[in-house]
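Input: a single structure, listed below in structure tokens.
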Amino acid sequence: MNSLQQVTAAALLSVLGLAACQQPSTSATAAAAPVEAPTMAAARPAAAKPTAPAPVLTPEMRTFLAQYDLSELWSPDDKTRISLMNGFLGADHYRVEVVVLSARKDTLQPEVYYVTGKNRFKGRITPFTGTITLQTVQDLGKDIREYMDDNGDAKGYTATGTYVFNEEPASKGAGTFAGSMAVNFSMDPNRPDGLQLFALDIPAVQASPTRGTGLLYEGTWRSYQNRQEKPALWAFNFLPIASGVLADFSIGEREMAINPKYAKLGWNEYWTNEEWWAEPGTAVAQALPDSLGL
């Protein structure tokens, strides 16, 4: 072998030796690399359900609300005509009574009304203050004319909105009622008593947002102390919705009677005409004939 061949052979052996030395190193590196579990995509939180935008008052609705004061619907000036509302509070649907004692229209925002009132739940009477904010006003329907007392200029309307009633913080177990409301009413602008609740049992009222109750509040009650929430529902005429809350709530065909099994939920005293919301010394209690055996 000549000198050139010796150099070439030496170079080749050197390259092969280097490769042989490097190969185990690569294998060792590969073996040392940790085996990773397949990467899972991070779970995304469930998308929140889209919230329907709040209704916007049209110019016509704003004109109507600016022109007319609807305070009488919440609390009539004649306090002998105060409307006691009944309904349900909590998962067990215990009876709750609500009365609005005063209502005042905002001078700058005609859709807002400031109210005061009281509620009674399981014997406890709690004052509250709050607001009713109207969001829509619409015609109730032409077919109500035949149900009017006369042929005047009265028209029927349905108004919807929201409410927030804050109970007196110092009261035991106090909290906030909040939710949506709806009211049916008739109005004859040419009569001093032309504004009235409209709660007749007719198709137009049944199909309206009040679901036949005339005046409906639906939402939740939230405790100030622990933020616990309870469903709340009450109305001027609660009977059209009662059986949808408590099965077989009313019994009887000719005369309405409350099912005796719900006496334990506060309905045994429904027929007692007691003005529990009146100030001490002015309350008048009158027991109605107990023909239901409750």
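The values are calculated or read from the model by the stated rules, or taken from the named source; none is laboratory data. Since we're looking at a predicted model, the values are computed, not measured. Ideal geometry is used to build each Cβ from the backbone, glycine not excepted, and the neighbour counts take in all protein chains shown.
Brief remarks follow.
- Residue among 221, 276, 234 that alone is under 20 Å from residue 122 (Cα atoms), part of a loop (DSSP other than H, G, I, E, B) and modelled with pLDDT of 90 or more: 276
- In the stretch 197-216, the residues that are touching a residue at least 40 places away in the same chain (Cβ under 8 Å) and surrounded by fewer than 22 Cβ atoms within 10 Å (Cβ to Cβ): 197, 200, 202, 203, 204, 209
- Among the criteria (1) at pLDDT 85 or above; (2) buried (at least 17 other Cβ atoms within 10 Å of the Cβ); (3) hydrophobic (A, V, I, L, M, F, W, C), the one residue 263 does not fulfil is (2).
- Of the strands (runs of 3 or more DSSP E) that lie entirely inside the stretch 100-217, those containing 1 or more residues that are at pLDDT below 95 span 124-139, 155-167, 175-187, 195-197.
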